[in-house]
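The values are calculated or read from the model by the stated rules, or taken from the named source; none is laboratory data. Since this is a predicted model, take the numbers as computed values, not measurements. Ideal geometry is used to build each Cβ from the backbone, glycine not excepted, and the neighbour counts take in all protein chains shown.
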Amino acid sequence: MNATDASLVIDSATPANAGRYRVAVNNDFGLTVYSDWATLMIQSPPVITQQPQPVVSPSDTNVSVTVAVSGTGPFSYQWRRNGIPLPGQTNPTLQLTNVQISDSGDYSALVSNAAGWTASAVANLEVFRRVRILTHPVSRTANTNTPVSFTVAAEGTGSLRYQWKYFGQDLPGETNAMLTLPAVRLDQSGDYTAVAYDARSAAESLPATLQVLVRPILTRHPGGITVAVGSNVTISAGVLGGWPMTNRWRRGSANVETNVLQAKQTNALLVVQNIQTNQFGGYAVGVLNASGSSPLSSNGWVTVVVPPTDVSVQSRTDARLTMQAFSPLRVAYQWKAGASDVPGATNAALVLTNVQMSQAGVYSVVVTAITNVPIAPATFSANLSVLPGPPLLSQPASVPGGQFQFLLTGDAGQHYDVQYSRTLTNWTTFTNVQYSSGPITVTDPAATDWQRFYRALKP
């Protein structure tokens with residue numbers, strides 16, 4: 001490159017020649033002057049670095065195709081389908097929404113800049129028809145031992161195949177557009193769907209419900225129960241019949257709740273949350289469906305108990321544990337101390353007289369509601385705490401020789417100081433007693449004062 005002439009010529013310029021240039025001019029007298037800087041920018045035509053890729057897509061979906069280039073920006077883009085420009089598609093990524101079969105074809109991009117243009121490779125878009133349900137199966141109602149058919153219609157690409165399902169499980173061998181049940185049974189009640197599919201996609205129909213007309217019957221009547229107030233109570237009855245079935249629960253003559261049994265459900269349930277004492281009584285259920293209704297069930301008797309609460313007493317006093325049972329039935333009680341029956345304790349209240357420390361522990365009452373249909377007994381417990389009581393002095397008596405005696409009654413295992421005082425102000429300990437059982441005789445050997453007061457206390 002000759003850089004000493006008035007003109008600078010760069011042959012076959014490349015990006016490496018880009019930069020700032022200026023010329024220095026000098027003469028024979030040694031004078032040098034410099035021109036202003038001139039900037040040389042080398043523009044490269046676009047080069048495709050990522051070709052658009054072929055796409056296979058179901059109809060009614062969105063598709064994107066991308067091209068990437070290098071070179072000197074900015075770049076202009078124009079996407080084409082089958083060589084025809086697509087209006088508005090002038091970005092590096094071609095966005096096609098809700099594509100249809102008619103959108104299939106060969107797509108390419110023209111990319112240009114100030115230095116030239118280039119065309120991408122062709123990417124083929126193949127749009128196939130997704131399987132679509134045209135006609136959904138229709139719900140049916142039928143008597144037992146009669147034939148029932150369900151049909152489905154669909155469209156897709158190529159030949160379609162089918163699979164019928166019952167509650168989401170494949171029905172073996174049922175692979176046609178029509179499902180036929182030649183003699184329906186009660187256990188065939190429920191939801192049926194059909195899946196249509198081809199080599200590329202599948203679609204499932206909406207469910208069709210088969211209702212088999214069988215009048216409901218009660219297979220099990222509600223059972224009785226004894227529960228604590230505030231409990232959550234579940235009462236159930238066994239039913240059999242054509243679904244759906246409506247359960248109408250009542251307590252006495254008052255309606256309590258109505259709920260519905262769907263296919264395969266054979267237990268009529270009533271759940272009473274946080275039951276209260278005014279909710280005791282007889283609960284019964286009647287069941288009905290499109291074929292009729294069952295007779296009202298027998299009563300499930302509910303007894304609501306206010307359990308005994310924990311009690312704390314001092315020894316040698318009386319303890320009382322009480323409970324209440326709210327029931328339409330006669331109720332029997334049996335109190336227990338630990339695992340043993342308390343003799344004669346068959347009332348709602350347990351009274352223990354002259355309680356000793358050894359009687360502390362757990363007491364429970366077994367509550368049994370009496371009816372001709374046995375109801376399981378229920379047990380409710382409370383804790384009895386016995387605290388040491390004050391020692392008791394009794395039966396004072398003078399003894400020959402200046403002595404004085406009395407009886408001390410206390411609690412087993414307790415230690416007591418026995419004291420005397422002449423004035424009830426200053427007290428003197430004259431003996432110590434380790435109490436086991438009693439009463440214990442205590443003797444003051446030197447009771448010579450004209451009066452003495454006595455007391456016993458824990459040290």
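For the condition under 30 Å from R132 (Cβ atoms), within 58 Å of the chain's Cα centre (by Cα) and either at pLDDT 95 or above or aliphatic (A, V, I, L, M) (or both), Q78 does not qualify. Scanning the range 210-232 for residues that are surrounded by fewer than 19 Cβ atoms within 10 Å (Cβ to Cβ), not basic (K, R) and not in a strand (DSSP E or B) gives H221, G223, V229, G230, S231, N232. Would the range 233-250 turn up any residue that is basic (K, R), at pLDDT 95 or above and closer than 30 Å to T371 by Cβ? Looking through the range 233-250, at least one residue is basic (K, R), at pLDDT 95 or above and closer than 30 Å to T371 by Cβ. Out of curiosity, is T49 among the β-branched types (V, I, T) and more than 30 Å from S201 (Cα to Cα)? Spelling it out, T49 is indeed among the β-branched types (V, I, T) and more than 30 Å from S201 (Cα to Cα). Where strands (runs of 3 or more DSSP E) sit wholly within the range 164-209, those with at least 1 residues that are in contact with a strand residue (DSSP E or B) (Cβ under 9 Å, 6 or more places away or on another chain) and in contact (Cβ under 8 Å) with a residue 60 or more places away in the chain occupy 190-197, 202-204. Answer yes or no: is there a residue in the range 166-176 that is modelled with pLDDT of 95 or more and touching a Ser or Thr at 6+ places or on another chain (Cβ under 7 Å). No; the residues of the range 166-176 include none that is modelled with pLDDT of 95 or more and touching a Ser or Thr at 6+ places or on another chain (Cβ under 7 Å). Checked against the criterion of being at pLDDT below 95, closer than 30 Å to M178 by Cβ and among the β-branched types (V, I, T), the candidates T157, T135, T151, T146 yield just one match: T157.
Selection over the range 23-36 of residues that are surrounded by 10 or more Cβ atoms within 10 Å (Cβ to Cβ) and assigned to a loop (DSSP other than H, G, I, E, B) gives a count of 2. Scanning the range 244-278 for residues that are assigned to a strand (DSSP E or B) and among the β-branched types (V, I, T) yields T246, V256, T258, V260, V271, V272. Let me spell it out: the conditions are (1) closer than 30 Å to V365 by Cβ; (2) over 60 Å from the mean Cα position of the chain (by Cα), and L392 meets all of them except one. Which number is the exception? Status for L392: all satisfied but (1). All conditions but one from (1) over 49 Å from the mean Cα position of the chain (by Cα); (2) surrounded by 14 or more Cβ atoms within 10 Å (Cβ to Cβ); (3) within 27 Å of T157 (Cβ to Cβ) apply to G71; the one that does not is (3). Looking only at residues of the range 92-140 that are in a strand (DSSP E or B) and small (G, A, S), we find that the one that is nearest to R161 (Cα to Cα) is G105. Which of the residues spanning the range 329-359 are part of a loop (DSSP other than H, G, I, E, B) and loosely packed, with under 15 Cβ neighbours inside 10 Å? Answer for the range 329-359, where residues must be part of a loop (DSSP other than H, G, I, E, B) and loosely packed, with under 15 Cβ neighbours inside 10 Å: G338, A339, P343, G344, T346, N347, T353, N354, Q356.
Taking the range 294-309, which residues are under 16 Å from A349 (Cα atoms) and surrounded by fewer than 22 Cβ atoms within 10 Å (Cβ to Cβ)? If the condition is that a residue be under 16 Å from A349 (Cα atoms) and surrounded by fewer than 22 Cβ atoms within 10 Å (Cβ to Cβ), then V306, P307, T309 are the ones that fit. Among the residues of the range 39-74, those that are free of Cβ contacts under 8 Å to residues at least 60 places away in the same chain, among the small types (G, A, S) and not in a strand (DSSP E or B) comprise G71, G73. Being surrounded by 15 or more Cβ atoms within 10 Å (Cβ to Cβ) and not acidic (D, E): is that true of S253 here? So S253 does not fit the description; no.
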